[in-house]
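Written out below as structure tokens is the structure these notes cover.
The values are calculated or read from the model by the stated rules, or taken from the named source; none is laboratory data. Small disclaimer: the values here were computed from a predicted structure and weren't measured. Don't worry about glycine lacking a Cβ; one is built from the backbone with ideal geometry, like all the others, and counts go over all protein chains shown. To get the accessible areas, we keep the full protein, side chains included, count just its heavy atoms, and leave off ligands, DNA and RNA. Shrake-Rupley method; radii C 1.70, N 1.55, O 1.52, S 1.80 Å.
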Amino acid sequence: MASGSNSLMWFRKGLRIHDNPALECAARRAEFLYPVFVIDPHYMEPDPNEFSTGSKRAGLNRIRFLLESLVDLDSSLRKLGSRLLVLRGEPSEVLFRCLKEWSIKKLCFEFDTDPYYRSLDDKVKRYATGASVEIFSPVSHTLFDPADIIHKNGGRPPLTYQSFVKCAGEPSWASSPLATELTSLPPVGSLKNCPVVEVPSIEELGYEEAHEDERTPFKGGESEALTRLRESISNKEWVAKFEKPKGDPSAFLKPATTVLSPYLKFGCLSSRYFYQCIQEVQRDVGRHTSPPVSLLGQLLWRDFFYTVAFGTPNFGQMKDNKICKQIPWKNDDELLAAWRDAKTGFPWIDAIMMQLKKWGWIHHLARHCVACFLTRGDLFVHWEKGRDVFERLLIDSDWAINNANWLWLSCSSFFYQYNRIYSPISFGKKYDPNGNYIRHFLPILKDMPKEYIYEPWTAPQSVQVKAKCVVGKDYPKPVVAHDLASKECKQMLHEAYELNKRLNGKVSEDDLKCLRRKTEDDNRQKNPKSKRLKQTKIEFSTEDSEI
């Protein structure tokens, strides 16, 4: 590209200065650099029809986290002699106008594997190529290029973690220093007729700001990400001994993980830089845990899921997804709403869902518990329904990882030991026998004696009255009888697995309907009493609104 021409850096994820190859390329030999972020109504416009405040695709916590990340990015760019140019509208239309108005000769943006962005990027690339604009779209959101892994694996994505790690090997960049600092950037040129605005506030997007108690405690932005990273790796012994299956899901004052996932999701933290930082700690300490359970192993899990998602058509659904078991899940809106709204009557499950609603983040074992409960453990509701709730409420919601985890936890793919379930009663007890986590997120239960707090329906009426929490009036009765429900779920999965095996995975809608009818008839004969308990409608006063 000739010296003195104009470049446009299109930010989507990758909201950082450190290790940002697209930004480095955009700045190189450019006279003017236009750093752009487009407020996409697809993700940002308020939708009053959703069950929680937010847009059609994202809850308010994630939208706020994104805006905080943009404010931080703008601040960092200004220190380098630039600024963030925010525009609003359908991204491709906005980009086409900017490329033309600003006489852009080079367009740079980080490669994105999400289906929405793959489609959008193809559209933008076609236009830019036709306008003789140079395009640079590097892979820097992940450790590896998913397409490279799939090519090395014979054209198919590896379907196990072990095969992925074996195929991937060591990242090509791992032993070389990454560019973690920039000293300056080219100035922004004339904006002409493009309607650039500052990073909007929540209110300017059309939302009412939530009370502080209803907001996530995790602030967005690269500065926050790097601070949290430094704090995490400063405890070298903790990094060396990290084991993913371990950790306390009930720890909320000081979470038992790094809580770096939302920063990785938005690219406020480079996964490649994180990888090198962990490697450095491991070299210093000598003895440490190894993948898949180590901290380094978690980054490899992330890339594994990205690669499978990238290479699997219809990965985000059950139908026509070749790696997904076809299972006759229920589409029960009543049970789904009870789970989503923290009203299942199982305090451990409800407290987790309340933390999710308020914080937009929960520990990975807590995610396992509630996902198992909704699907194969108790309610047998379709995993896609739970996935949609997580996609909306989590601040670290990531298309590939969210779908992969729901496929895993519903025993639809990756993991098939459906007899192993998380008890909604005993699992939380072993971490938090006093129920402090429940008392915090479900204050209606704060005075319930510890021997009843995980099963308040078993408390004598006099105990419930004394605790100011009468089950069926102040707090819901359980929506199912756990022992019976889990037994029926296991039987249904057994039947579904046999059907998939018999039909070699080619299971039709009619096959699933027939299986559903058969197992429901069998269950009615075995258990005349319904597994769903009669639920008393609960009206909450203003004081009880936190339930």
Within the range 157-177, the residues that are modelled with pLDDT of 90 or more, assigned to a loop (DSSP other than H, G, I, E, B) and in contact with a helix residue (DSSP H, G or I) (Cβ under 8 Å, 6 or more places away or on another chain) are Pro157, Pro158, Leu159, Pro171, Trp173
Evaluate the range 231-254: report whether one residue or more is in a loop (DSSP other than H, G, I, E, B), at positive phi, under 18 Å from the mean Cα position of the chain (by Cα) and not aromatic (Phe, Trp, Tyr).
-> no
Which ones in the range 450-476 are among the charged types (D, E, K, R) and assigned to a loop (DSSP other than H, G, I, E, B)?
-> Lys450, Glu451, Glu455, Lys468, Lys473, Asp474
Selection from the range 194-222 of residues among the hydroxyl-bearing types (Ser, Thr, Tyr) and not in a loop (DSSP other than H, G, I, E, B) yields none
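Answer with yes or no whether Glu231 is of a type in the set (Asp, Glu), open to solvent by 60 Å² or more (accessible area, probe 1.4 Å) and within 19 Å of Pro291 (Cα to Cα). Even if it seems obvious, please write down each step before you answer.
Working: of a type in the set (Asp, Glu): yes; open to solvent by 60 Å² or more (accessible area, probe 1.4 Å): yes; within 19 Å of Pro291 (Cα to Cα): no.
Judged against the criteria, Glu231 is not a match.
Asp303 - would you say it is assigned to a helix (DSSP H, G or I), among the acidic types (Asp, Glu) and open to solvent by less than 10 Å² (accessible area, probe 1.4 Å)?
Working: assigned to a helix (DSSP H, G or I): yes; among the acidic types (Asp, Glu): yes; open to solvent by less than 10 Å² (accessible area, probe 1.4 Å): yes.
Yes: the conditions hold for Asp303.
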Lone qualifier among Ser423, Ser412 - being open to solvent by less than 10 Å² (accessible area, probe 1.4 Å) and within 27 Å of the chain's Cα centre (by Cα) | Ser412
Failed condition for Phe65, given (1) closer than 30 Å to Gln276 by Cα; (2) open to solvent by 10 Å² or more (accessible area, probe 1.4 Å) = (2)
If we ask which residues in the range 256-274 are open to solvent by 10 Å² or more (accessible area, probe 1.4 Å) and touching a helix residue (DSSP H, G or I) at 6+ places or on another chain (Cβ under 6 Å), their number turns out to be 3
Is there any pair linking a residue in the range 476-490 that is touching a residue at least 12 places away in the same chain (Cβ under 8 Å) and over 17 Å from Asp521 (Cα atoms) to one that is surrounded by fewer than 21 Cβ atoms within 10 Å (Cβ to Cβ) and aromatic (Phe, Trp, Tyr), with Cβ under 7 Å and at least six apart or on different chains, and which?
-> Lys477/Trp457; Pro478/Trp457
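Restricting to the range 419-449, what's the tally of residues that are of a type in the set (A, V, I, L, M, F, W, C) and outside any helix (DSSP H, G or I)?
Taking the range 419-449 and keeping what is of a type in the set (A, V, I, L, M, F, W, C), we get 421, 425, 427, 438, 441-442, 444-445, 448.
Next, only the ones that are outside any helix (DSSP H, G or I) stay: 421, 425, 442, 448.
Residues flagged as of a type in the set (A, V, I, L, M, F, W, C) and outside any helix (DSSP H, G or I) within the range 419-449 amount to 4.
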Across (1) open to solvent by 50 Å² or more (accessible area, probe 1.4 Å); (2) out of contact with any helix residue (DSSP H, G or I) (no Cβ under 8 Å at 6 or more places or on another chain); (3) assigned to a helix (DSSP H, G or I); (4) of a type outside the set (Lys, Arg), Tyr116 clears everything bar (2)
Return the pairs, sorted by first residue and then second, in which the second residue is open to solvent by 30 Å² or more (accessible area, probe 1.4 Å) and part of a loop (DSSP other than H, G, I, E, B), the first residue lies in the range 249-272 and is farther than 22 Å from Arg12 by Cβ and touching a residue at least 12 places away in the same chain (Cβ under 8 Å), the beta carbons are less than 6 Å apart, and the residues are 6+ apart or on different chains.
-> Ala256/Asp248
Is there any pair with a first residue in the range 412-434 that is at positive phi and a second that is open to solvent by 50 Å² or more (accessible area, probe 1.4 Å) and not in a loop (DSSP other than H, G, I, E, B) whose Cβ atoms are under 7 Å apart and which are 6 or more apart or on different chains, and what are they?
-> Phe414/Trp408
Would you pick out the residues in the range 74-91 that are open to solvent by less than 10 Å² (accessible area, probe 1.4 Å) and either among the β-branched types (Val, Ile, Thr) or touching a Lys or Arg at 6+ places or on another chain (Cβ under 7 Å) (or both)?
-> Leu77, Val86
Within the bounds of the range 495-504, is there any residue that is within 30 Å of Tyr454 (Cβ to Cβ), outside any helix (DSSP H, G or I), at pLDDT 65 or above and open to solvent by 30 Å² or more (accessible area, probe 1.4 Å)?
-> no
Sole residue being at pLDDT 95 or above and more than 18 Å from Cys25 (Cα to Cα), chosen from Phe96, Phe111 = Phe96
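Looking for something acidic (Asp, Glu) and open to solvent by less than 60 Å² (accessible area, probe 1.4 Å) - is there at least one such residue anywhere in the range 174-192?
no
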Please tell me if Trp359 is touching a Pro at 6+ places or on another chain (Cβ under 7 Å), within 22 Å of Gly59 (Cα to Cα) and either without any contact (Cβ under 8 Å) to a residue 12 or more places away in the chain or open to solvent by 10 Å² or more (accessible area, probe 1.4 Å) (or both).
-> yes
Which numbered condition trips up Ser462, out of (1) farther than 23 Å from Phe380 by Cα; (2) among the hydroxyl-bearing types (Ser, Thr, Tyr); (3) in contact with an Asp or Glu (Cβ under 9 Å, 6 or more places away or on another chain)?
-> (3)
Has the range 93-100 got at least one residue that is touching a Phe, Trp or Tyr at 6+ places or on another chain (Cβ under 9 Å), part of a helix (DSSP H, G or I), open to solvent by 20 Å² or more (accessible area, probe 1.4 Å) and not acidic (Asp, Glu)?
-> yes
Determine which member of the set His18, His42 is surrounded by fewer than 15 Cβ atoms within 10 Å (Cβ to Cβ) and in contact with a Phe, Trp or Tyr (Cβ under 8 Å, 6 or more places away or on another chain).
-> His42
